[in-house]
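The values are calculated or read from the model by the stated rules, or taken from the named source; none is laboratory data. Predicted, not measured: the structure shown is a model, and the values here were computed from it. A quick note on method: Cβ atoms are made from the backbone with ideal geometry, for glycine too, and the neighbour counts reach across all protein chains shown.
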């Protein structure tokens, strides 16, 4: 708004008010007297432009965006702690809660025993953020555990999440003005579910006439299939006994069942013409990465659509991204799951890469 109010503008404006019979040339006394004032005015208007930008949510820096959003009761989601599955031997050994272990650069604490799995416990990272679930492997005990033979982190139960990104939070704040969240409608369920640690996205199925059941389908914060532990955590938050008694967030009368979105395996076949010096051998890693990136985009976008909407894996998108790779000249005869057509992931399924084949 104030971009035209610069040094030159103020100098010309002030000099225009000085009589022409006085020396106003650069280097004159009048010029030298006005120049510092013009520079200060430019600085003031630059600051005013910045202040104006901070007053609007779509242009505010994070600090002032958070202040604006707080007026609607919104704050950025904090970083959360990853929960892994740890297996200990001998399986008859009891590992006290709070026992500390090290895995690479991070430390973890033993949590609850996993029901029905002897020697298996939840393992909670002491450092918040996504880094807590990036690696699995052998655990090094920090605290002494008598009789311990081995300790291994084998599975991610609930992914850790980094603090909410500024642009993600900005979009969440702006979207808060749109659908009305009230009385356990779909928008409110999605808000409740997505705020739970480890959840990346969700879909909620509207109840049919005469039914009390609400179906919530989730994926984790890595935009992949949710574990049973995460499903259980969401279930306990919404309707622990699936009876609509109102013991969780769900309103009385809403019987809620939480499910994990199933994987839809995407097997891909194609024939590629490479540039000189390139082949499947030295290009397959790059090809796999762009395909994985495309499927991740689809999974990331999965929660933006209503329950039952199919996620479509498109041949045109696959071919366009592969053709963009340096060294690829042409691609043809592309098939998804043995069919030369787009593939629809129905029933709330999410696409995951299976096998890539070629001739």
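For residue 309, are the conditions met, namely being at pLDDT below 95, surrounded by fewer than 13 Cβ atoms within 10 Å (Cβ to Cβ) and outside the structural domain of residue 219 (by TED's automatic domain parsing)? Taking the combined requirement at face value, the residue does not satisfy it.
Would you confirm whether any residue within the stretch 261-274 is in contact with a helix residue (DSSP H, G or I) (Cβ under 6 Å, 6 or more places away or on another chain) and at pLDDT 95 or above? The answer is no, given that none of the residues of the stretch 261-274 is in contact with a helix residue (DSSP H, G or I) (Cβ under 6 Å, 6 or more places away or on another chain) and at pLDDT 95 or above.
Going through (1) within 30 Å of residue 190 (Cβ to Cβ); (2) touching a helix residue (DSSP H, G or I) at 6+ places or on another chain (Cβ under 6 Å) one by one, residue 343 falls short only on (2).
Does the stretch 86-102 contain at least one residue that is at positive phi, assigned to a loop (DSSP other than H, G, I, E, B), modelled with pLDDT of 95 or more and touching a strand residue (DSSP E or B) at 6+ places or on another chain (Cβ under 6 Å)? Checked against the condition, which is being at positive phi, assigned to a loop (DSSP other than H, G, I, E, B), modelled with pLDDT of 95 or more and touching a strand residue (DSSP E or B) at 6+ places or on another chain (Cβ under 6 Å), the stretch 86-102 yields at least one hit. Scanning the stretch 269-300 for residues that are surrounded by fewer than 18 Cβ atoms within 10 Å (Cβ to Cβ) and in contact with a strand residue (DSSP E or B) (Cβ under 8 Å, 6 or more places away or on another chain) yields 269, 271, 273, 274, 275, 278, 280, 284, 288, 292, 300. Within the stretch 130-150, take every residue that is under 30 Å from residue 64 (Cα atoms) and in contact with a strand residue (DSSP E or B) (Cβ under 8 Å, 6 or more places away or on another chain) and give me the one that is surrounded by the fewest Cβ atoms within 10 Å (Cβ to Cβ). Among those that are under 30 Å from residue 64 (Cα atoms) and in contact with a strand residue (DSSP E or B) (Cβ under 8 Å, 6 or more places away or on another chain), it is 131. Looking only at the stretch 151-159, decide whether some residue is in contact (Cβ under 8 Å) with a residue 24 or more places away in the chain, assigned to a loop (DSSP other than H, G, I, E, B) and touching a strand residue (DSSP E or B) at 6+ places or on another chain (Cβ under 9 Å). Looking for residues that are in contact (Cβ under 8 Å) with a residue 24 or more places away in the chain, assigned to a loop (DSSP other than H, G, I, E, B) and touching a strand residue (DSSP E or B) at 6+ places or on another chain (Cβ under 9 Å), one finds at least one in the stretch 151-159, hence yes.
Taking into account only those residues within the stretch 310-330 that are touching a strand residue (DSSP E or B) at 6+ places or on another chain (Cβ under 8 Å) and in a loop (DSSP other than H, G, I, E, B), which is nearest to residue 271 (Cα to Cα)? The extreme case among them is 327. Total residues in the stretch 345-359 satisfying the condition of being surrounded by 15 or more Cβ atoms within 10 Å (Cβ to Cβ) and more than 19 Å from residue 226 (Cβ to Cβ): the figure is 1.
Scanning the stretch 317-340 for residues that are surrounded by 13 or more Cβ atoms within 10 Å (Cβ to Cβ), touching a helix residue (DSSP H, G or I) at 6+ places or on another chain (Cβ under 8 Å) and free of Cβ contacts under 8 Å to residues at least 40 places away in the same chain gives 317, 321. Here residue 220 fits the description: assigned by TED's automatic domain parsing to the domain that holds residue 255, at pLDDT 95 or above and surrounded by 22 or more Cβ atoms within 10 Å (Cβ to Cβ).
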